[in-house]
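Engineer: Here it is, the structure, as structure tokens.
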Amino acid sequence: MRIFSKKGLEVLKDTLQILANLAVLSGVIFAMIQISDYRVKSSAELVLRFGEYLDEDPYLSISQVLDTSNVSTKILQPAGRFSSGEIERYLGTFETLGDLYHNGLITYEMLDVNYSYYIQKAYSNEEIRNYVMDAHRINSKWWNNFIQLGELFKEETRRNMEGK
């Protein structure tokens, strides 16, 4: 005795194939969500590690010296406290963060919330900006990210001030 007719078996087979396809699709979507969550978590960890790095001396001291409204504060030796190597490593952190942002490894919001103030302070300092621009004129590949981020956050601050 037959339970299903030939037509019924075909419908059952088609239905099972659709269910199998849906199961595979659901698995792919779940995997994509997991990967996305992992990327966000990894991005947050990267941002936190850079923050820890900048919270140590001499970089913390550089941030503190730059945290002034006087954009002509002397930074570089002999008039300032810091060697060119210390300043380059400090600015190099922002250069690397720019690379991470441009490559989609951290979001704009992460960069903005955690580092825009420090990038703006460094970029606004005349001595640092002149130092960076002089190097950039020698080799246009040097300090691109720092310059772009400095201009980006400077423009954002200007727009915010006009909006108030």
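The values are calculated or read from the model by the stated rules, or taken from the named source; none is laboratory data. Just so it is clear, the model here is predicted, and its values are computed rather than measured. Every residue, glycine among them, receives a Cβ derived from its backbone with ideal geometry; neighbour counts consider all protein chains shown. Accessible surface areas use protein heavy atoms only, side chains included; no ligands, DNA or RNA. Shrake-Rupley method; radii C 1.70, N 1.55, O 1.52, S 1.80 Å.
Engineer: Would you confirm, using the coordinates I've provided, whether residue 129 is at pLDDT 90 or above and either open to solvent by 40 Å² or more (accessible area, probe 1.4 Å) or touching a Gly at 6+ places or on another chain (Cβ under 6 Å) (or both)?
Structural biologist: Taking the combined requirement at face value, the residue satisfies it.
Engineer: Just need a number here: residues in region 79-122 that are open to solvent by 60 Å² or more (accessible area, probe 1.4 Å), part of a helix (DSSP H, G or I) and over 15 Å from residue 148 (Cβ atoms).
Structural biologist: Summing the residues that are open to solvent by 60 Å² or more (accessible area, probe 1.4 Å), part of a helix (DSSP H, G or I) and over 15 Å from residue 148 (Cβ atoms) in region 79-122 gives 7.
Engineer: While we're on this one: Tally the residues that are open to solvent by less than 60 Å² (accessible area, probe 1.4 Å), in contact with a Gly (Cβ under 9 Å, 6 or more places away or on another chain) and either within 14 Å of residue 130 (Cα to Cα) or in contact (Cβ under 8 Å) with a residue 60 or more places away in the chain (or both), restricting the search to region 62-78.
Structural biologist: So the count comes out to 1.
Engineer: Looking at 138, 106, 119, 87, can you tell me which residue is farther than 23 Å from residue 52 by Cβ and hydrophobic (A, V, I, L, M, F, W, C)?
Structural biologist: 138
Engineer: Look at residue 2 and say whether it is loosely packed, with under 10 Cβ neighbours inside 10 Å, over 29 Å from residue 130 (Cα atoms), modelled with pLDDT under 75 and out of contact with any Phe, Trp or Tyr (no Cβ under 9 Å at 6 or more places or on another chain).
Structural biologist: For residue 2, the condition - loosely packed, with under 10 Cβ neighbours inside 10 Å, over 29 Å from residue 130 (Cα atoms), modelled with pLDDT under 75 and out of contact with any Phe, Trp or Tyr (no Cβ under 9 Å at 6 or more places or on another chain) - is met.
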